[in-house]
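The values are calculated or read from the model by the stated rules, or taken from the named source; none is laboratory data. Keep in mind it's a predicted model, so treat the numbers as computed, not measured. As a convention, Cβ positions derive from the backbone with ideal geometry for all residues, glycine included, and neighbour counts pool all protein chains shown. Keep in mind that these areas ignore ligands, DNA and RNA; they rest on the heavy atoms of the full protein, side chains included. Shrake-Rupley method; radii C 1.70, N 1.55, O 1.52, S 1.80 Å.
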Amino acid sequence: MLRLLYFHLRFSGSLIILLQSVIVSAQINLPGEIHGNFQVEAQYYQKDSSIGAPLVKEKILSNGFMNLWYTKGDFTAGIRYENYLNVMQGFDSRYKGSGIPFKFASYKNDRLEATVGNFYEQFGSGIMLRSYEERGLGYDNAFEGVRVAYHLPKGIYIKGLIAKQRTFFTLSPGIVRAADIEINLNELIPAWDSSLTRISIGGSGISRFQADEDPVYKLPENVATGGGRIHINRKGLSFFAEYAFKSNDPSAVNKMIYRPGQALTITGTYASKGFGLLLAVKRLDNFDFRSDRTATGIGANINYLPALTRQHTYNLPATIYPYATQPNGEMGFQAELNFIIPKGSKAGGKYGTEITLNYSGTNGIKKTPAANDTFGYESPFFGISNETYFRDLHIEIHRKFNRNIKATLMYLYWVYNKDVVQGLKGYGTIYANMFVGDVSYKLNQKHNLRMELQGLLTEQDLGSWAMALLEYTYSPNWFVALIDQYNYGNNNAAQRIHYLNASAGYTLKENRIMLSYGKQRAGIFCVGGVCRNVPASNGLYLSVLSSF
Amino acid sequence: MIRSLLVLFVLLLSLSNTKAQQNRTLPQVNLRSLEGKLLSSDQIANDGKPIILSFWATWCKPCITELTNMAEHYSHWQEETGVKIVAISIDDARNQARVAPFVLGKGWDYEVYIDVNADLKRALNVNLVPHTFLLNGNREIVWQHNSYAEGDEFNLFERVKKLSAGVPVNE
């Protein structure tokens with residue numbers, strides 16, 4: 001028996017040595033890399049009728065995912081496993097259970113890119129086509145199909161794809177066929193090679209096929225969008241414009257009208273050291289485009305129509321009344337000025353004072369009833385309606401006072417048409433003044449204390465809010481924070497509630513773990529162009545994330 | 001059974017050994033310059049000296065704090081180690097036009113690229129911003145860190161100094 005075991009081990013030993021040498025030599029020749037990232041979040045929910053936090057039967061809900069990719073030279077393949085057991089509050093309930101909704105293989109060299117399976121893609125500014133992911137918002141409209149891109153000589157880049165789109169754990173019914181070309185004229189035209197003016201132009205064409213199974217309407221099964229763009233750059237000056245047209249596409253979002261759609265976005269910027277200026281205008285007219293004409297809300301979007309407003313980072317302006325694009329018709333304008341009052345001057349102080357001024361405004365477009373009512377309405381191209389959808393005027397001042405103290409002050413004037421933006425009736429328009437003060441005090445090289453005070457003053461809706469935050473960080477690993485949001489101006493005295501929440505986190509290199517406990521008010525959380533309504537909750541929240 | 005387990009164990013051991021020996025290189029992904037020019041991430045280089053690759057966005061407060069704090073020391077860091085800071089903006093179409101005026105308005109001297117549809121972020125498996133990578137002279141990732149707390153830049157620069165002195169950086 002012992003001898004047998006001895007033989008066994010010896011045999012295994014030699015096999016192992018053999019295998020190991022094979023592996024080692026193979027790896028010298030074939031160095032593949034396995035890499036990925038991981039995230040899981042879970043929340044323990046307590047019912048709290050005072051803040052409207054509902055009873056959660058499961059008590060604990062959790063979202064998680066892991067990307068696992070293999071790369072070897074020009075070749076990459078990968079999968080993403082996703083898990084919603086059960087999906088957390090505030091995410092779409094169509095995320096049910098778990099699965100591998102993302103899997104792909106791709107090849108890329110200096111000229112050619114080819115992908116089969118799932119992929120993300122964007123043409124131009126995305127006004128005609130963009131698939132992307134915002135995992136934190138539960139947004140993912142990845143394509144599933146084939147994508148090919150080619151870098152031709154002389155600055156020409158072409159892309160083409162044919163695919164369906166992911167909606168949660170299924171594919172939406174439409175088939176998307178799309179192509180894009182971008183030409184860098186300075187590379188194409190030899191005489192322009194060394195010109196200070198850099199010009200590139202581009203064009204896209206997209207077609208969606210979805211069978212007409214409607215018993216009433218005769219619907220176009222193939223819907224096309226097409227458009228062009230130009231980008232001109234000279235020293236610090238930059239100009240970008242993109243226009244797109246969409247053939248008639250009666251859908252649930254546009255209430256089944258046969259009017260074609262149009263979109264235009266124009267941006268001009270100037271930047272030099274210590275100075276930046278941005279001017280932008282955008283018009284949308286019936287431009288919602290999806291791979292499923294019956295879809296509403298988030299899901300099956302082919303194009304990307306972000307709000308032309310500043311994306312705020314402070315809590316109250318970012319999450320109480322954020323604007324969301326109205327794809328059926330809006331016209332927006334934005335201007336932003338960034339500059340530094342130089343250091344050494346009285347207003348600039350020892351380190352210089354940074355100032356941002358921003359104004360953005362969006363109205364509806366002018367609509368008159370169409371002669372043929374299946375077209376819905378008519379609208380002159382630059383016609384604006386008197387209906388205000390949104391205004392945000394703000395100034396932000398940032399100054400460092402000495403080695404240990406720096407502060408940001410902000411004032412905002414806000415107008416928010418709640419009925420239009422949230423698709424509701426009877427709430428009207430909210431006018432608010434907001435203030436933010438943020439002071440950071442460095443105790444020493446590793447320890448830092450930061451305090452925020454914010455206020456939102458309004459007569460409408462839920463009335464005024466105040467918010468305070470205290471955050472302590474110990475570099476490079478720890479943070480603890482305490483946040484209180486207080487709806488002190490609520491007309492209903494019983495609703496004047498403190499939303500108190502404590503959190504702590506630990507970071508070690510690319511790993512992070514965070515715990516929080518307390519009340520969370522209902523809010524709208526947005527990243528990029530997507531917003532998520534999160535109901536109020538009370539409980540314990542845990543998140544763990546890592547890259548490898 | 002025991003044998004297959006042993007073999008599997010050794011296989012895993014060899015794999016993990018290799019992982020420790022090999023660092024990932026920067027993947028090849030399309031980026032855009034602030035002028036809108038399409039280029040490949042291959043072009044991010046620093047003549048064999050270290051590179052700090054920092055993922056940020058115009059709406060990310062801790063990212064801006066990190067880049068602003070590093071900006072104060074940047075010329076000194078460059079003198080001492082030759083390190084280059086490359087800031088990768090993951091701003092999407094909503095904010096992309098804002099990036100150039102924002103960067104110049106802040107007076108940052110970094111090389112800045114726009115990761116138009118987060119392709120580089122995805123290829124490097126970044127969960128959230130800020131996320132900062134340290135690359136050695138061969139453009140291999142030797143260290144990374146997510147989130148930012150005041151003072152983290154000194155921790156990072158300690159590693160840059162080690163790297164340029166030829167000392168291994170892994171903790």
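Side notes on the structure shown:
- Of the strands (runs of 3 or more DSSP E) lying entirely inside region A:429-548, those carrying at least 1 residues that are among the basic types (Lys, Arg) are A:429-442, A:447-457, A:511-520, A:530-534.
- Meets criteria (away from every other protein chain (no Cβ under 12 Å), over 30 Å from residue A:462 (Cα atoms) and touching a residue at least 24 places away in the same chain (Cβ under 8 Å)) for residue A:94: yes
Yes/no matrix, rows are residues, columns are (1) surrounded by 19 or more Cβ atoms within 10 Å (Cβ to Cβ); (2) free of Cβ contacts under 8 Å to residues at least 60 places away in the same chain:
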| site | (1), (2) |
| --- | --- |
| A:445 | no, yes |
| A:449 | no, yes |
| A:482 | no, yes |
| A:485 | yes, no |
| A:507 | yes, yes |
| A:512 | yes, yes |
| A:516 | no, yes |
| A:544 | no, no |
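- Residue that is most open to solvent (accessible area, probe 1.4 Å), among those in region B:20-50 that are more than 30 Å from residue A:199 (Cα to Cα) and away from chain A (no Cβ under 13 Å): B:49
- Residue A:397 vs. criteria closer than 24 Å to residue B:104 by Cβ, β-branched (Val, Ile, Thr) and open to solvent by less than 30 Å² (accessible area, probe 1.4 Å): no
- Flag if residue A:185 is open to solvent by 40 Å² or more (accessible area, probe 1.4 Å) and within 14 Å of chain B (Cβ to nearest Cβ): no
- Odd one out for residue B:154, checked against (1) of a type in the set (Phe, Trp, Tyr); (2) over 18 Å from residue B:91 (Cβ atoms); (3) crowded, with 22+ Cβ neighbours inside 10 Å: (3)
- Those residues of region A:233-284 which are open to solvent by 30 Å² or more (accessible area, probe 1.4 Å), out of contact with any Ser or Thr (no Cβ under 9 Å at 6 or more places or on another chain), within 14 Å of chain B (Cβ to nearest Cβ) and in a loop (DSSP other than H, G, I, E, B), in sequence order: A:273
- Restricting region A:103-118 to residues that are open to solvent by 50 Å² or more (accessible area, probe 1.4 Å) and assigned to a strand (DSSP E or B), the residue that is farthest from the other protein chains (Cβ to nearest Cβ): A:116
- Residue match in region A:322-332 (condition: in a loop (DSSP other than H, G, I, E, B), within 30 Å of residue A:121 (Cα to Cα) and in contact with a Leu (Cβ under 7 Å, 6 or more places away or on another chain)): yes
- Residue match in region A:302-315 (condition: touching an Asp or Glu at 6+ places or on another chain (Cβ under 9 Å) and not in a loop (DSSP other than H, G, I, E, B)): yes
- Residue A:329, sole failed condition from (1) open to solvent by 20 Å² or more (accessible area, probe 1.4 Å); (2) modelled with pLDDT of 95 or more; (3) on the phi > 0 side of the Ramachandran plot: (1)
- Top-ranked residue of region A:208-224 - restricted to ones that are in contact with a strand residue (DSSP E or B) (Cβ under 6 Å, 6 or more places away or on another chain) and open to solvent by less than 30 Å² (accessible area, probe 1.4 Å), ranked as farthest from the other protein chains (Cβ to nearest Cβ): A:223
- Every residue from region A:488-538 that is within 14 Å of chain B (Cβ to nearest Cβ), closer than 30 Å to residue B:141 by Cα and at pLDDT 90 or above: A:504, A:505, A:506, A:507, A:508, A:509, A:510, A:511, A:512, A:513, A:514
- In a residue-by-residue description of region B:97-108, the property of being more than 10 Å from chain A (Cβ to nearest Cβ) and either open to solvent by less than 20 Å² (accessible area, probe 1.4 Å) or on the phi < 0 side of the Ramachandran plot (or both) applies to no position.
- The selection criterion, being part of a strand (DSSP E or B), more than 13 Å from chain B (Cβ to nearest Cβ) and in contact (Cβ under 8 Å) with a residue 12 or more places away in the chain, holds for residue A:227.
- Just one of the listed residues (B:120, B:124, B:135, B:128) is touching a strand residue (DSSP E or B) at 6+ places or on another chain (Cβ under 9 Å), open to solvent by less than 10 Å² (accessible area, probe 1.4 Å) and at the interface with chain A (Cβ under 8 Å from one of its Cβ atoms), namely B:124.
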